[in-house]
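Remarks on the structure that follows.
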Amino acid sequence: MEMDDGIHAYASGAPWAVGGAERQQWLLARALAATGWSVQVGVRESLEAGARCMIDKVEFIGIGRGQILLAWYQFLASERPNWWYWRGAYHLWGPAVGIAKLVGVKTIFAAAFDSDVQPRRALHWRRRCWPLYAWGLSWADRIFVQHGGQLAALAPRWRSKAHIVPSIAGTTAAVQPHAKRAKYVAWVGQLRQPKRPDLLIEIARSMPEMHFVVCGGPSAHRSPPGYGERMVDALHALPNVEYHGQVAPDKALQVIADAAILLSTSDEEGFPNTFLQAWSAGTPVVSLTIDPDRTIERMRLGAVSHNTAGAIADIKALMGSPQRRAEIAVHARRHIAAAHSEATVITVFERAIRGSR
């Protein structure tokens, strides 16, 4: 069982669906249901209280818009799931675990962002409530992390119940040979501060000869007021940037799949969905900082640049060599098939549920 209206947005094909955590919850729910699990998702806004609908064998149930803790209790007491899966830091995770224990439901916390495993840093609002969140991590039955770096950052006392469960790559757009691709750099993500769109702007401004295609709308999440809007203005001012704003998930996927390179300027992430989408389509990733478990370097899936000057050099080198990009595409698609397919992730998930390594 999961609870998140964003999952329903992805499931129903809503063009405004956003969020990597929400996308991963939907991909996991759908994959579990396809293998015989009974999966229910509680939603507050998308359905009226008590209403039910089935999408790809996943059942969505309206839990009402009343007091959230009472809504959770009533839902869990009514449906009696074996497990409650929650993804991402939330200040009420502690009370949520308490409610689940009261009705005999086991809980899984899944990290969506690297700081999720560090309670004092995890909350982006109501930060003083971090002890409640930490209490939830302490009493959760399982903790799922996305990569080894998150596991290492987790408090040692919690590691015995923690498991690395990789993200699912999901739908793959049509793969285009690099020799036939348009020569542009894709940047896809919400214009929030941790994703550092300001560094994208700096790089694009330093490469007037290079075409950039940017998808993503402004967001107040983890960002000061007006930050995203300032980024939009700066992007519109650059003649070599084709800024699309917020686009439907399928459009974003196609932009990544058709690109010569995907650029990541983020300071902090979890395991970016955009990386998985890029590698599924054979698109190399140039990342300034993010490289979970050194996957880009180890598997030869692009370049880790460390700074803007390095990113500019890496973009130029990759753009000038379709052959090298084609070789990366082969490595990337093999890696996705081996590590991020639905079958692989469900096998790891079920092993983690059993508590086995």
Inset, instruction - Please name all residue pairs, on different chains or six or more residues apart, with Cβ atoms under 7 Å, provided the first residue is in region 25-39 and is in contact (Cβ under 8 Å) with a residue 40 or more places away in the chain and the second residue is open to solvent by 10 Å² or more (accessible area, probe 1.4 Å) and part of a loop (DSSP other than H, G, I, E, B). - result: 25/4; 27/170; 34/57
Inset, instruction - Of all residues in region 220-245, count the ones that are in a loop (DSSP other than H, G, I, E, B) and modelled with pLDDT of 95 or more. - result: 4
Inset, instruction - Please specify each residue of region 174-225 satisfying the condition of being over 22 Å from the mean Cα position of the chain (by Cα), crowded, with 17+ Cβ neighbours inside 10 Å and among the hydroxyl-bearing types (Ser, Thr, Tyr). - result: 184
Legend entry - Among (1) touching a helix residue (DSSP H, G or I) at 6+ places or on another chain (Cβ under 6 Å); (2) basic (Lys, Arg); (3) assigned to a helix (DSSP H, G or I) - the single one residue 251 does not satisfy: (1)
Inset, instruction - Could you please let me know if residue 265 is within 13 Å of the chain's Cα centre (by Cα) and either open to solvent by 20 Å² or more (accessible area, probe 1.4 Å) or not aliphatic (A, V, I, L, M) (or both)? - result: no
Legend entry - Complete set of residues in region 93-147 that are closer than 19 Å to residue 270 by Cα and among the charged types (D, E, K, R): 114, 116, 120, 121, 142
Inset, instruction - Tell me which of these residue 237 doesn't satisfy, since it passes every other one: (1) farther than 14 Å from residue 197 by Cβ; (2) loosely packed, with under 15 Cβ neighbours inside 10 Å. - result: (1)
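Find the helices (runs of 4 or more DSSP H) located wholly in region 264-336 whose residues include 1 or more that are more than 20 Å from residue 169 (Cβ to Cβ), at pLDDT 95 or above and not aliphatic (A, V, I, L, M), and list them.
308-319
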Legend entry - Some residue of region 281-290 being within 26 Å of residue 87 (Cβ to Cβ) and out of contact with any strand residue (DSSP E or B) (no Cβ under 7 Å at 6 or more places or on another chain): yes
Legend entry - Answer from 260, 311, 317 - the residue that is farther than 23 Å from residue 112 by Cα and either crowded, with 24+ Cβ neighbours inside 10 Å or under 16 Å from the mean Cα position of the chain (by Cα) (or both): 311
Legend entry - When residues of region 43-61 are limited to those that are modelled with pLDDT under 95 and of a type in the set (Gly, Ala, Ser), the one surrounded by the most Cβ atoms within 10 Å (Cβ to Cβ): 46
Legend entry - Complete set of residues in region 12-27 that are on the phi < 0 side of the Ramachandran plot and either open to solvent by 20 Å² or more (accessible area, probe 1.4 Å) or modelled with pLDDT of 95 or more (or both): 12, 15, 16, 18, 20, 21, 22, 23, 24, 25, 26, 27
Legend entry - Options 192, 196, 142: the member that is within 24 Å of residue 113 (Cα to Cα), in contact (Cβ under 8 Å) with a residue 40 or more places away in the chain and in contact with a Lys or Arg (Cβ under 8 Å, 6 or more places away or on another chain): 142
Inset, instruction - Answer yes or no: is there a residue in region 101-117 that is surrounded by fewer than 18 Cβ atoms within 10 Å (Cβ to Cβ), part of a helix (DSSP H, G or I) and on the phi < 0 side of the Ramachandran plot. - result: yes
Legend entry - Long-range neighbours under 9 Å by Cβ, at least six apart or interchain, first residue in a helix (DSSP H, G or I) within region 148-175, second of a type in the set (Asp, Glu): 148/293; 149/114; 149/293; 150/114; 150/116; 153/114; 161/141
Inset, instruction - Kindly provide the set of residues from region 118-146 that are within 23 Å of residue 350 (Cβ to Cβ) and either crowded, with 18+ Cβ neighbours inside 10 Å or under 18 Å from the mean Cα position of the chain (by Cα) (or both), ordered by number. - result: 137, 140, 142, 143, 144, 145, 146
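The values are calculated or read from the model by the stated rules, or taken from the named source; none is laboratory data. No experiment lies behind these values; they were computed from the predicted model shown. Every residue, glycine among them, receives a Cβ derived from its backbone with ideal geometry; neighbour counts consider all protein chains shown. Heavy atoms of the whole protein, side chains included, go into the accessibility calculation; ligands, DNA and RNA do not. Shrake-Rupley method; radii C 1.70, N 1.55, O 1.52, S 1.80 Å.
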